[in-house]
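Asks: This is the structure I have questions about; it appears just below.
The values are calculated or read from the model by the stated rules, or taken from the named source; none is laboratory data. Just so you know, these numbers come straight off a predicted model, no measurement behind them. Ideal geometry is used to build each Cβ from the backbone, glycine not excepted, and the neighbour counts take in all protein chains shown. Please note that ligands, DNA and RNA were not included when accessible areas were found on the heavy atoms of the full protein model with its side chains. Shrake-Rupley method; radii C 1.70, N 1.55, O 1.52, S 1.80 Å.
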Amino acid sequence: MKELHRLSISELSPLLSQRQVSPVEVTESLLHRIAALNEEINAYITVDEAGALAQAKLAEARLGKGEAGPLTGIPLAIKDLLATCGLRTTCGSRILENYLPPYDATVCARLREEGAVILGKVNMDEFAMGSSTENSAFGPSRNPWNRECITGGSSGGSAAAVAADLCLASLGSDTGGSIRQPASHCGVVGLKPTYGRVSRYGLVAYASSLDQIGPIAKEVRDAALLMNAIAGYDNKDSTSAPVPAPDYLETLGRDIKGLKVGVPKEYFGQGLNADVETAVKNALLTLEGLGAEMVEVSLPHTEYAVAAYYVIAPAEASSNLARYDGVKYGLRVPGANLLEMYANTRTQGFGPEVRRRVMLGTYALSAGYYDAYYRKASQVRTLIRRDFEAAFEKCAVLAAPVAPTPAPRLGEMVADPLTMYLSDIFTISVNLAGIPAVSVPCGFSREDLPIGLQILGPPFGEPVILQAAHAFEQATDFHRRKPQWCEGKS
Amino acid sequence: MEFEAVIGLEVHAQLLTKSKIFCGCATTFGAPPNTQTCPVCLGLPGVLPVLNRKAVEFALKMALATNCTVAPESVFARKNYFYPDLPKGYQISQYELPLAEHGYLDITVDSHSKRIGITRIHLEEDAGKLIHSPSRPVSFVDFNRTGVPLIEIVSEPDMRTPEEAVEYLKGLRNILLYLEICDGNMEEGSLRCDANISLRRPGSAELGVKTELKNMNSFRFVRQALEYEIRRQRALLSEGREIVQETRLWDAAKGQTFSMRGKEEAHDYRYFPDPDLVPVKVDAEWLESIRRGLPELPAERAARFQTEYGLPTADAEVLTSDKALADYFETCLQDFPQPKKVANWIMSELMREVKKEEAGIDAVQVTPRALARLLALVDRGEISGKIAKSVFDEMAATGKDPEAIIKEKGLVQISDTAALEAQAREIIAAHPKETADYRAGKTKVMGFFVGQLMKKTKGQANPKLANEIFQRLLSE
């Protein structure tokens with residue numbers, strides 16, 4: 001048998017239900033591993049040893065009574081912007097460094113109902129603003145494949161923890177690529193569901209109309225298992241879709257013969273790294289080899305996506321982050337009067353990227369600029385949605401790269417925010433259109449850094465994109481490879 | 001110089017829903033600070049608002065009652081500004097697409113009817129309350145009020161005098177009370193009024209520079225603040241000076257308005273559609289069911305009072321201009337079905353008490369049922385009308401039943417013929433001149449005899465009986 005921490009959920013779950021291993025044993029083994037290795041990659045901000053062991057014991061009792069589900073006793077990591085009752089939730093920010101939520105996010109409550117074990121909270125770009133996890137007040141996470149490289153972001157801690165076997169799977173959130181891009185950079189599977197598919201209640205908002213919670217996992221089947229637990233209507237979230245969630249395992253294992261796969265020509269242009277291009281084009285050949293039919297499609301408004309995103313997301317963020325004012329909770333830096341207290345608190349509490357986006361958004365919403373920026377960006381958003389609607393008339397899914405390059409080195413992105421913004425080019429349109437997309441490992445660069453294939457679907461098309469991703473995964477073994485750094489570390 | 005005032009009002013009304021607009025917290029007034037809060041109304045990280053359908057229903061009632069056109073789809077927007085009583089750093093309100101628009105309300109001032117346009121009615125959430133420490137430079141925040149549903153009713157600048165503004169405000173309040181969607185209490189702040197006012201030369205179509213007046217928490221203050229502001233602006237304009245566009249606060253103690261902030265300090269609220277909420281959809285069916293469920297409104301009730309009870313127009317309008325008064329009238333009628341008599345008593349005796357109390361009809365200690373019993377006593381001849389008025393005063397002062405007061409003070413009318421006859425004989429014997437006059441045909445002196453008997457019995461003699469007795473005795 002593999003070491004416990006190396007197992008996927010799908011591998012561990014039967015061992016738990018057959019009582020071959022106990023949840024406490026698994027949890028202890030992972031806590032031990034986190035204690036030994038976390039410092040080297042900085043995936044966890046907070047580890048909840050006592051809580052995790054208590055949950056593991058509860059899971060054990062459930063397993064004993066035969067009341068277990070597939071996630072009972074499974075140790076998971078949670079991105080540190082999902083509210084966990086009584087467990088510190090920092091959003092990667094100084095301003096919430098000691099914030100303890102008095103309630104659970106809907107997704108966390110659902111995972112607890114399933115008997116999952118929450119090991120702790122994982123690192124991220126402050127308030128999910130960034131693509132590298134370097135904007136965390138708690139230091140950058142490091143890529144397990146090469147610790148001089150970034151993990152991607154903003155859910156970098158979630159992806160790194162999965163890649164380094166510091167949890168079996170994790171939850172992240174994706175506003176402009178924040179699940180898919182770190183999943184791609186860390187060689188794991190990341191699913192960004194349809195907007196409204198997973199309740200946002202308890203997700204600390206960055207850009208409310210774009211944010212969506214999703215799983216990061218070692219394999220496609222695990223992502224589907226997590227979706228089975230977290231997807232579905234929630235009356236606490238007015239934007240959650242009143243559409244019943246299917247069993248996401250159902251389509252896995254079905255072949256993809258005759259499946260029409262659209263290849264958007266705008267996603268294979270200039271700026272695409274040669275290794276990424278090769279890996280993704282090989283992946284398309286693999287899909288073709290599995291019987292899929294390739295169709296060239298066009299998404300003509302792609303070039304406006306980044307600009308529209310960087311108006312809409314900061315605008316919403318400027319408003320969402322107004323509550324961190326030093327009055328009620330979190331950091332307060334005193335001042336001579338109220339206005340100074342606000343300014344001091346927010347200047348010292350927020351990092352530079354958050355301050356930059358709050359200012360961008362405040363400007364974009366200001367009187368006289370609203371029409372030119374926010375309204376125009378909303379119109380662009382409609383055009384991008386229509387691009388996808390038109391494309392999905394010709395095909396069932398789309399296949400594309402996730403990021404234009406493999407994981408850059410630490411520091412490269414911080415120095416140049418514009419390059420960082422542009423690196424979101426292949427992921428942002430999906431959020432603007434509200435559609436689902438999954439990143440699945442499809443190769444490695446010459447420097448041995450992972451590369452992901454992105455499969456996009458129409459609204460509520462998670463079953464078909466998971467089916468395609470699973471077929472691809474089963475036909476390849478990129479997901480089986482482990483970072484060199486992890487080998488021999490138990 | 002002659003000037004004409006142009007006045008528009010922005011009225012905020014707290015809705016009487018049991019729970020808040022975006023969470024399940026209670027809305028009761030006066031609970032200990034921060035006991036009616038939850039993560040949602042405290043705006044904790046990660047929470048989301050969910051719209052209370054009842055609040056929409058209440059707002060729709062007001063929209064229909066003020067003849068507005070209801071939008072099939074309206075949108076919540078965020079109004080962004082920093083203040084410690086605003087936990088999210090924005091207020092959820094409606095901006096570009098309000099719930100209802102283009103309504104009106106008819107008012108009567110000096111028996112002239114006038115139509116005041118209503119620009120829009122929209123839904124929003126209330127903010128919390130700051131409590132400043134009297135002893136230390138510290139403030140506290142009470143979030144109980146945060147998230148209590150409000151409607152904002154914005155009028156057209158159609159009012160020309162403070163009286164019109166007050167009548168319009170009273171009319172709105174009355175409708176809110178008829179609909180039972182707001183308690184209309186201006187002192188507690190469940191009904192708030194801001195005014196925009198500017199002056200211009202009569203006949204001019206252009207609007208002058210306006211000021212916005214705040215902090216007027218009674219009808220009287222609204223009138224006084226507008227009167228003051230008209231004087232202030234007129235004085236400035238007459239001297240050829242300009243009005244500064246600004247927000248001014250009414251100081252009731254000083255009887256003046258003071259500048260609070262100028263145009264350049266005005267907030268840029270950076271409104272944008274709230275991405276956490278979906279558009280409010282009101283279909284024809286929902287609207288129709290609300291329309292069907294609307295109670296009788298003031299104008300309809302006044303019409304009914306004329307046809308059903310035969311009241312004059314003026315009486316019907318006075319009685320229905322205050323829902324509590326009209327309810328009082330109709331409750332009283334159930335036990336004493338003589339509409340005109342009841343109306344007269346309410347409009348004279350009761351209204352006098354209402355004015356004395358200044359706290360509305362609920363503060364008057366005479367219940368409608370008790371008044372009905374008092375009127376019945378008069379009607380049956382057990383007490384005179386004159387005594388009834390003093391009994392009424394006593395009822396208002398003590399809250400006691402009329403029967404108890406009459407008994408206590410021995411005010412029961414004397415209808416004992418024998419007792420009255422004996423006293424009448426004494427009076428006749430003592431006034432031979434008047435007796436002779438009467439017998440000579442000057443029947444007018446009858447009043448004198450009855451008056452004497454009343455004096456002797458301290459008003460307790462049954463006047464009808466007294467008349468009969470004297471007629472009989474004097475004809476002997």
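Asks: Would you work out which of A:A77, A:P406, A:G335 lies farthest towards the positive end of the dipole of chain A? Charges go on Cβ: Lys and Arg +1, Asp and Glu -1.
Replies: With unit charges placed on the Cβ atoms, the residue in question is A:G335.
Asks: Now, a different point. Within 10 Å of each Cβ of A:201-209, how many other protein chain Cβ atoms are there on average?
Replies: Values: counts 6, 6, 4, 4, 6, 0, 1, 5, 4.
Per residue, the average neighbour count from other chains is 4.
Asks: Can you classify the protein assembly as shown as rounded, prolate or oblate using the Cα gyration tensor, where a ≥ b ≥ c are the square roots of its eigenvalues, rounded means a/c under 1.5, and otherwise it's prolate if a/b beats b/c and oblate if not?
Replies: Values: a/c = 3.07, a/b = 2.50, b/c = 1.23.
Since a/c reaches 1.5 and a/b is larger than b/c, the shape of the protein assembly as shown is classed as prolate.
Asks: Assuming 0.36 nm per residue, please report the length gained on full extension of the stretch A:L422 to A:L53 beyond their Cα-Cα distance.
Replies: Length gained, A:L422 through A:L53: 128.6 nm.
Asks: Taking all protein chains as present, what is the carbon and sulfur share of the accessible area of chain A, in % to the nearest whole number, probe 1.4 Å?
Replies: 52
Asks: How much accessible area is lost when chains B and A come together, counting both sides, with a 1.4 Å probe, in Å² rounded to the nearest 100?
Replies: Using a 1.4 Å probe, the pair buries roughly 2800 Å².
Asks: Expressed as an acute angle from 0 to 90° and rounded to the nearest 10, what is the orientation of the C-alpha long axis of helix B:53-65 relative to the principal long axis of chain B?
Replies: Compared with the principal axis, the helix lies near 60 degrees.
Asks: Step through the residues of the range B:176-187 one at a time and calculate ³J(HN,Hα) from phi using the Karplus curve (6.51 cos²θ - 1.76 cosθ + 1.60, θ = phi - 60°), rounding each to whole Hz and writing x for Gly and Pro.
Replies: 4, 6, 4, 7, 6, 10, 7, 8, x, 7, 6, 5
Asks: Let me check against my output: what whole-number percent is the relative contact order of chain A, with C-alpha pairs under 8 Å and at least 6 apart? The partial results should precede the final answer.
Replies: On the way: 1208 pairs, mean separation 83.8, N = 490.
Worked out over chain A, it gives 17 percent.
Asks: Here is a follow-up. Taking θ as phi - 60°, what are the ³J(HN,Hα) couplings along the range A:126-135 by the Karplus curve (6.51, -1.76, 1.60), each to the nearest whole Hz, with x for Gly and Pro?
Replies: 3, 6, 6, 9, x, 10, 9, 6, 7, 8
Asks: Now for a separate question. Straight distance only, please: which lysines reach the Cα of A:K265 with their own Cα at less than 16 Å, same-chain residues fewer than 8 apart left out?
Replies: Hits, sequence-local ones excluded: A:K281, A:K394.
Asks: Moving to a separate point now. Which GluC sites (Glu not before Pro) in the range B:159-207 sit in a loop by DSSP (not H, G, I, E or B) and have at most 15 other Cβ atoms within 10 Å of their own Cβ? The partial results should precede the final answer.
Replies: Values: sites: B:E163, B:E164, B:E167, B:E180, B:E187, B:E188, B:E206; in loops: B:E180, B:E187, B:E188, B:E206.
When the GluC sites (Glu not before Pro) of the range B:159-207 are filtered for loop state and at most 15 Cβ neighbours within 10 Å, B:E180, B:E187, B:E188, B:E206 remain.
Asks: Put a dot 7 Å past each Cα toward the Cβ at B:A397 and B:K341; how far apart are the dots in nm?
Replies: 2.5
Asks: Cut-off under 17 Å on the C-alpha distance; same-chain residues fewer than 8 positions from B:K442 excluded. Which aspartates and glutamates are left, in chain and number order?
Replies: Within the straight-line limit of under 17 Å, B:K442 reaches these aspartates and glutamates: B:E434, B:E468, B:E476.
Asks: OK, next. Under a point-charge model restricted to the Cβ atoms of Lys and Arg (+1) and Asp and Glu (-1), what is the dipole moment magnitude of the range A:345-441 relative to its Cα centre, in debye to the nearest 20?
Replies: Numbers: 11 positive and 8 negative charges, 60 e Å.
I would put it at about 280 debye.
Asks: Quickly rank A:125-138, A:59-72 as a protection proxy: mean count of other C-beta atoms within 10 Å, highest first.
Replies: Values: A:125-138: 28.4, A:59-72: 17.4.
So the order, starting with the most tightly packed, is A:125-138, A:59-72.
Asks: Counting alpha carbon pairs within less than 8 Å and at least 6 residues apart, what relative contact order, in whole percent, applies to the range A:1-148? Kindly include the intermediate steps, with their values, before the conclusion.
Replies: On the way: 264 pairs, mean separation 39.2, N = 148.
Computed value for the range A:1-148: 26 percent relative contact order.
Asks: Right, something else. So which of B:K54/B:K400; A:K121/A:K218; A:K328/B:K79; B:K356/B:K444 end up more than 29 Å apart, counting from Cα to Cα?
Replies: Numbers: B:K54/B:K400 40 Å; A:K121/A:K218 18 Å; A:K328/B:K79 20 Å; B:K356/B:K444 40 Å.
Over 29 Å apart, Cα to Cα: B:K54/B:K400; B:K356/B:K444.
Asks: Let me ask you something else. In whole Hz, with x marking every Gly and Pro, tabulate ³J(HN,Hα) for the range B:23-38 from phi via Karplus 6.51 cos²θ - 1.76 cosθ + 1.60, θ = phi - 60°.
Replies: For the range B:23-38, the Karplus curve yields 8, x, 5, 6, 10, 3, 7, x, 5, x, x, 6, 8, 10, 9, 8 Hz.
Asks: Regarding chain A, what is the average projected area of its C-alpha convex hull, in nm²?
Replies: If you wrap the Cα atoms of chain A in a convex hull and average its projections, you get 21.4 nm².
Asks: Going by amide H atoms built from the backbone, whose H comes under 5 Å of the H on A:A169, apart from near neighbours?
Replies: A:A77
Asks: In addition: Among B:F258, B:H112, B:Y328, which residue has its Cα furthest toward the positive end of the charge dipole of chain B, with +1 on Lys/Arg Cβ and -1 on Asp/Glu Cβ?
Replies: Working it through, the farthest residue towards the positive pole turns out to be B:Y328.
Asks: When each pair of different Cα atoms in chain B is counted once in the 1/r mean, what is the Kirkwood radius in angstroms, to one decimal? Present the calculation step by step, with values, prior to reporting the outcome.
Replies: Values: mean 1/r = 0.0377 Å⁻¹.
The Cα-based Kirkwood calculation yields 26.5 Å.
Asks: Taking amide hydrogens as modeled 1.01 Å from N in the peptide plane, which residues meet the under 5 Å criterion relative to A:L410, leaving out close sequence neighbours?
Replies: Sorted by chain and number, the residues that satisfy this are A:C149, A:I150.
Asks: Counting only other chains, and only Cβ atoms inside 10 Å, what mean value do you get across the residues of A:323-330? Please report the intermediate quantities before stating the final value.
Replies: Working: counts 11, 2, 7, 1, 9, 7, 5, 1.
Across A:323-330, the average partner-chain Cβ count within 10 Å equals 5.
Asks: Long-range amide H contacts for B:L16: which residues qualify at under 5 Å (H placed 1.01 Å from N, peptide plane, sequence gap of 5 or more or a different chain)?
Replies: Long-range HN contacts for B:L16: B:C182.
Asks: Hey, what did chain B get for relative contact order, percent, Cα under 8 Å, at least 6 apart? Intermediate values should be presented prior to the final figure.
Replies: Working: 834 pairs, mean separation 63.8, N = 476.
Computed over chain B, the figure is 13 percent.
Asks: Given a 1.4 angstrom probe, what's the average accessible area per residue across the protein assembly as shown, in square angstrom?
Replies: Details: 38990 Å² over 966 residues.
Ligands and nucleic acids excluded, the figure is 40 Å² per residue.
Asks: Still on this structure: In what sequence, highest mean first, do B:151-162, A:256-267 appear when ranked by Cβ atoms within 10 angstrom?
Replies: Numbers: B:151-162: 21.1, A:256-267: 17.9.
Per-residue Cβ counts within 10 Å, averaged per peptide and sorted highest first, yield B:151-162, A:256-267.
Asks: Suppose every K and R has +1 on its Cβ and every D and E has -1 on its Cβ; what is the size of the dipole of the range A:303-378 about the Cα centre, in Debye to the nearest 20?
Replies: The calculation lands at about 160 debye.
Asks: Okay, next question. Could you list the trypsin sites (Lys or Arg not before Pro) in the range A:411-490 that lie in coil according to DSSP, counting only those with at most 16 other Cβ atoms within 10 Å of their Cβ? Write out the running numbers ahead of the final one.
Replies: Numbers: sites: A:R446, A:R480, A:R481, A:K489; in loops: A:R446, A:R481, A:K489.
Answer by residue number: A:R446, A:R481, A:K489.
Asks: Cβ neighbours within 10 Å, averaged per peptide: list A:46-58, A:316-328 in order, most packed at the top. If you can, show how the numbers build up before the last one.
Replies: On the way: A:46-58: 17.9, A:316-328: 24.2.
Taking the mean over residues of other Cβ atoms within 10 Å, the ranking is A:316-328, A:46-58.
Asks: Under the definition of partner shielding as Cβ atoms of other protein chains within 10 Å of a residue Cβ, what is the mean value for peptide B:77-87?
Replies: Values: counts 0, 5, 1, 6, 1, 8, 4, 7, 1, 4, 6.
Other-chain Cβ atoms within 10 Å of each residue's Cβ, averaged: 4.
Asks: Angle, helix B:385-398 long axis vs. longest principal axis of chain B, Cα atoms, 0 to 90°, nearest 10?
Replies: With rounding to tens, the tilt is 40 degrees.
Asks: Among A:L53, A:L111, A:T90, flag the residue with its Cα farthest along the positive direction of the charge dipole of the range A:1-111, charges on Cβ as +1 for Lys/Arg and -1 for Asp/Glu.
Replies: Projecting each Cα onto the dipole axis, the largest value belongs to A:L111.
Asks: Also, quick follow-up: What dipole magnitude, in Debye to the nearest 20, does the protein assembly as shown give about its Cα centre under +1 on Lys/Arg Cβ and -1 on Asp/Glu Cβ?
Replies: Values: 108 positive and 122 negative charges, 372 e Å.
The dipole of the protein assembly as shown has a size of about 1780 debye.
Asks: Take B:D183, project a point 7 Å from its Cα along the Cβ direction, then tell me which residues of the range B:22-46 have their backbone nitrogen under 18 Å from it.
Replies: Inside the label zone: B:25-37.
Asks: Let me ask something additional. Is the shape of the range A:351-490 rounded, prolate or oblate, going by the alpha carbon gyration tensor and its root eigenvalues a ≥ b ≥ c, with a/c under 1.5 for rounded and a/b larger than b/c for prolate? Each step should come with its number before you reach the end.
Replies: On the way: a/c = 3.03, a/b = 1.31, b/c = 2.32.
Oblate.
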